[in-house]
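Notes to accompany the following structure.
The values are calculated or read from the model by the stated rules, or taken from the named source; none is laboratory data. These figures come from a predicted structure and were not determined experimentally. In this analysis, Cβ positions are derived from the backbone assuming ideal geometry, glycine residues included, and neighbour counts consider all displayed protein chains. Side chains included, ligands, DNA and RNA excluded: accessible areas come from the protein's heavy atoms. Shrake-Rupley method; radii C 1.70, N 1.55, O 1.52, S 1.80 Å.
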Amino acid sequence: MSSMPAKEVTQLLRDWSRGDKTALDRLTPIVYEELRRIARIHMTREDANHTLQSTALVNEAYLRLFDCARMQWRDRAHFFAMSSQLMRRILIDHARRRNIKRGGGLKRVTLAAVAGIGVEHETDLIALDDALNALAEIDKRKSDIVEMRFFGGLSVEETAEALGISPITVIRDWNTAKAWLYRELSRGSEK
């Protein structure tokens, strides 16, 4: 992540949330590179001919994030977790607007990548988004963990920090969520 210690980034986020414009000026160059890294992770799961590029994705997310001046950021991990979630939402909305039907033009994601299981079955990102939304209705924390780990590239420790839970809880919920998603996505591919 950034070379600035996490505590300093967290303090800048909190200062910015309280309306300190100088904190935002200092924060922007620090977080921009990490936002670009997260955008690249998201874009690797998209078709090579996607009309959005990672720079456009990070810029769109950046504009939306920094328009939320009154968001109460808990810490650096919370900020980047929310950034990743916003980027995923931008990509899904973009795909839905373009009327991409399941499988049409989307890069396919192996369930092995989602579930960490050596199965070569594939699914598309809209189906994964639908499954994540269904998981969120059942267990929001597990859905958030998938969001942060799979889409945001956060480590177990960063995810635990963002959610205020222990790393072992993250690991346990991550494993359960992966199994649940594998089952749901496998069921959807049989149709």
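Details
- Just one of the listed residues (Ala131, Ala115) is modelled with pLDDT of 85 or more, surrounded by 14 or more Cβ atoms within 10 Å (Cβ to Cβ) and farther than 30 Å from Asp25 by Cα, namely Ala131.
- A search for C-beta distances below 6 Å between a residue of the stretch 87-105 that is open to solvent by less than 40 Å² (accessible area, probe 1.4 Å) and any residue that is of a type outside the set (A, V, I, L, M) and at pLDDT below 75, counting only pairs 6+ apart in sequence or on different chains, returns Gly103/Asp124.
- In the stretch 149-174, of all residues being hydroxyl-bearing (Ser, Thr, Tyr) and in a helix (DSSP H, G or I), the one that is surrounded by the most Cβ atoms within 10 Å (Cβ to Cβ) corresponds to Thr159.
- For the stretch 144-191, a tally of residues being among the hydroxyl-bearing types (Ser, Thr, Tyr) and touching a strand residue (DSSP E or B) at 6+ places or on another chain (Cβ under 8 Å) returns 1.
- Within the stretch 134-148, tally of residues that are open to solvent by 20 Å² or more (accessible area, probe 1.4 Å) and over 17 Å from Ile38 (Cβ atoms): 8
- Taking every residue in the stretch 148-177 that is over 15 Å from Ser84 (Cα atoms) and modelled with pLDDT of 90 or more and pairing it with any residue that is surrounded by fewer than 20 Cβ atoms within 10 Å (Cβ to Cβ) and acidic (Asp, Glu), at least 6 positions away or on another chain, the pairs with Cβ-Cβ distances below 6 Å are Pro167/Glu157.
Residue-wise test of (1) assigned to a helix (DSSP H, G or I); (2) under 12 Å from the mean Cα position of the chain (by Cα); (3) modelled with pLDDT of 85 or more; (4) over 18 Å from Leu154 (Cα atoms).
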position: Ile41; (1), (2), (3), (4): yes, yes, no, no
position: His50; (1), (2), (3), (4): no, no, no, yes
position: Asn59; (1), (2), (3), (4): yes, no, yes, yes
position: Arg70; (1), (2), (3), (4): no, no, no, yes
position: Ala81; (1), (2), (3), (4): yes, yes, no, no
position: Ser84; (1), (2), (3), (4): yes, yes, no, no
position: Arg88; (1), (2), (3), (4): yes, yes, no, no
position: Leu91; (1), (2), (3), (4): yes, yes, no, yes
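- Residue check for Asp124: modelled with pLDDT of 80 or more and either open to solvent by less than 50 Å² (accessible area, probe 1.4 Å) or within 19 Å of Ala162 (Cα to Cα) (or both): no
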